[in-house]
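Novice: Please see the structure below; I have some questions.
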Amino acid sequence: MRFAICDDDIYFCNILEKYLQEYFSSRKLPCPEIAVFHSGEEILDYKGSLDIVFIDVEMSGISGIHAGKELCKRDTGTLYIVITAFEEYLDEALHFHAFRYLSKPLEKQRLFRNLKDALAVHASRNEKIAITTKDSIYTVLASDIIMIEAKGKNVFVYTLQDIYPSTEKMDYWEEILNSQCFFRTHRSYIVNMHHINNFNSNLISLYQNKYKAYLTVRKYPDFKRAYMLFLESSQ
């Protein structure tokens, strides 16, 4: 796992790097590699992969907005935490789907809360799930699961690659799938909120409207709330 800090304020970079190291040290976790860049040009010249990027909006030369947009074209899985002292730039930052926003001067506890959320989303995107069928075991990314459906005594796992008849029951899938991304909308359906196109009080459309899942009316308020929180954490 690799972090990046991109800010032309060297003192701020040092403080942020120190806080990141403190976060992992206090939780007795290995600290990821942290690459530090002091301009938009530097980070755009970097050819390695980046998982979480802290980027300042206003820098001399190439702005953080422009750099973020260009980086998104290379890797849509990177999470961006935008840093700015100027709120007027936040609307522009939305164009490259910033995950969170941090203001200067940096508040350590707020940084820690946002970092915890970012790590949870990153883990959910990269988590691998084993699907056991009668004949074999298949491994897929959790993020590639579109939904789980129970049909009579059978349970099917719909993924981006294929549809697998699972030997596990719905309660098993509800327990192992990340609750920040998956929601059991009905006794017969668990959906991945990454793949939702639209929904109403009783039906959800997923994956370019290719699949439908029922939504129990009594679960609608909780589902709507969970989906809004998911969207907020995924921006």
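The values are calculated or read from the model by the stated rules, or taken from the named source; none is laboratory data. The structure presented is a predicted model; accordingly, all values stated were derived computationally and were not measured. Note that each Cβ is placed from the backbone with ideal geometry, even for glycine, and that neighbours are counted across all protein chains shown. Accessible surface areas use protein heavy atoms only, side chains included; no ligands, DNA or RNA. Shrake-Rupley method; radii C 1.70, N 1.55, O 1.52, S 1.80 Å.
Novice: Give me the angle, in degrees from 0 to 90, between the Cα long axis of helix 220-234 and the longest principal axis of the Cα atoms of the chain, rounded to the nearest 10.
Specialist: With both axes taken from Cα atoms, the answer is about 30 degrees.
Novice: For the chain, what does -39500 (n - 2.57) per DSSP helix run (n ≥ 4), summed and divided by total residues, give at 222 nm, in deg cm²/dmol to the nearest 500?
Specialist: Values: 7 runs with 79 residues, N = 235.
After summing the helix terms and dividing by residue count, I get -10500 deg cm²/dmol.
Novice: Mean separation of Cα pairs under 8 Å and 6+ residues apart, divided by the residue count of region 154-193: what relative contact order is that in percent?
Specialist: 25 percent
Novice: In whole percent, and with a 1.4 Å probe on the protein chains, what portion of the accessible area of the chain is carbon and sulfur? Walk me through the numbers before you get to the answer.
Specialist: Values: 6200 of 12620 Å².
Reported share for carbon and sulfur atoms: 49 percent.
Novice: If one takes the longest principal axis of the Cα atoms in the chain, at what angle in degrees, from 0 to 90 and to the nearest 10, does the Cα axis of helix 108-126 lie?
Specialist: Taking Cα atoms only, the helix is inclined about 40 degrees.
Novice: If you don't mind, another one. If R₀ is 41 angstrom, what is the calculated FRET efficiency for the pair residue 132 and residue 25, using the beta carbon separation as r and rounding to 0.05?
Specialist: E(calc), rounded to 0.05, equals 0.60.
Novice: Nearest 10 degrees is fine. How inclined is helix 10-26 to the longest principal axis of the chain, computing both from alpha carbons?
Specialist: Long axis of 10-26 versus the principal axis of the chain: about 40 degrees.
Novice: Can you tell me the accessible area per residue over the chain, all protein chains present, probe 1.4 angstrom, in square angstrom?
Specialist: 54 Å²
Novice: Still on this structure, I have one more. Please list 125, 27, 113, 187 in order of solvent-accessible area, largest first, computed with a 1.4 Å probe with all protein chains present.
Specialist: On the way: 125 55, 27 105, 113 135, 187 185 Å².
My answer, sorted largest first, is 187, 113, 27, 125.
Novice: Only one of the values (1) 19.5; (2) 17.9; (3) 18.4 was calculated from this structure for Kirkwood radius over Cα pairs in Å; name its label.
Specialist: (1)
Novice: Where in region 204-221 does the label zone of residue 163 land, with the point 7 angstrom along Cα→C-beta and an amide N cut-off under 17 Å?
Specialist: So the set is 204-214.
Novice: Also, quick follow-up: I need the phi-derived Karplus couplings for region 77-83: 6.51 cos²θ - 1.76 cosθ + 1.60, θ = phi - 60°, integer Hz, Gly and Pro marked x.
Specialist: Per-residue couplings from phi come out as x, 6, 9, 10, 10, 8, 10 Hz.
Novice: Only sites in a loop by DSSP and with at most 10 other Cβ atoms within 10 Å count here; which chymotrypsin sites (Phe, Trp or Tyr not before Pro) in region 149-235 make the cut?
Specialist: Answer by residue number: there is no such site.
Novice: Still on this model: For region 155-200, just run the numbers: alpha carbon Rg, then divide by 2.2 N^0.38 Å, N being how many residues it has.
Specialist: In units of the 2.2 N^0.38 Å rule of thumb, it is 1.14.
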